[in-house]
1. For VAL177 and ASP143, calculate 0.36 nm times their separation in residues minus their Cα-Cα distance, and state this gained length in nm to one decimal.
2. Given the peptides 63-69, 224-230, 182-188, arrange them by the average over their residues of other C-beta atoms within 10 Å, most packed first.
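Read-outs throughout are calculated quantities, based only on the coordinates presented, and are distinct from any laboratory measurement. What you see is a predicted model; the values in this text were computed from it and never measured. Virtual Cβ from ideal backbone geometry, glycine too; neighbours counted across all protein chains shown.
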Amino acid sequence: MRFTVRWGRPFTLSLSDSGSGWKATLGEDEQRRWPTRLVHQIQSFFTRFGGSDLGLINDVNIDVFVRELSAKLKPSTVVFYVRTLSKFVEYLNSRCLVSDARYRKLKALCGNVALSMKRKARQQKVEVDVNLEGERLPANVRDLFFRSQYVRRLQSRLQSRPLPFEDLPEVRDYLLVSILLWNGHRPMVLRQMTIGDVQRGQVEVADGEGPQGSRSYMTIAVSKHKTAKTWGAAMVSLPPYLFRELIKYLSTARRAFVVR
């Protein structure tokens with residue numbers, strides 16, 4: 001006995017070699033769950049393999065189908081095809097048209113393929129985002145920021161006089177952007193950085209030639225962050241002048257809290 005699929009609206013499942021003409025037709029509620037787009041996606045699978053025999057739904061054909069789709073469609077689109085096929089297998093099982101063992105095998109296969117495609121889709125999105133970010137931000141964005149007239153005026157104010165309380169929000173924003181540009185950490189690393197972390201900052205000397213003072217920098221170990229269990233404390237590196245500005249901001253902010 002062989003089950004076949006006849007396509008139409010509504011599509012029907014028929015027992016091709018039975019004289020009784022057994023058929024199962026989707027009810028009104030089921031039709032709403034199977035819009036035309038999903039039916040066409042299922043039909044494209046059977047069309048690819050030249051028939052409507054339900055036996056065509058197997059691991060080999062699914063693998064071939066996915067590879068061919070991947071060559072012309074985005075991974076995120078392939079995921080929709082695989083999910084539709086998985087949904088169709090689930091429907092066949094509810095009609096007792098596939099055995100439970102085969103159903104579990106096909107569902108697991110479709111789930112693994114969909115997961116793999118989702119990973120590729122995320123990777124592709126990251127690559128696209130990185131390329132777009134590269135187009136929006138020039139490679140020398142850090143130099144452009146620190147050489148800007150605004151930053152130079154702000155740094156001059158930080159060096160020349162005590163920091164007024166009303167300047168704290170502006171200096172905070174400047175320091176956040178500066179530290180991120182110097183390190184490239186996730187913003188959460190700075191959010192989790194404590195005053196104690198800053199006070200425990202240590203002087204490091206970079207390899208190279210020249211006076212030691214010109215090669216020194218400050219490192220701040222931030223122990224509380226997203227990947228701390230895997231990679232340990234996040235090391236925030238700052239040039240000495242930026243570290244001094246950070247200390248000045250913190251001392252002024254603490255006085256502001258005491259006064260208020």
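1. Gain in length upon complete extension: 11.0 nm.
2. Descending mean neighbour count gives 63-69, 182-188, 224-230.
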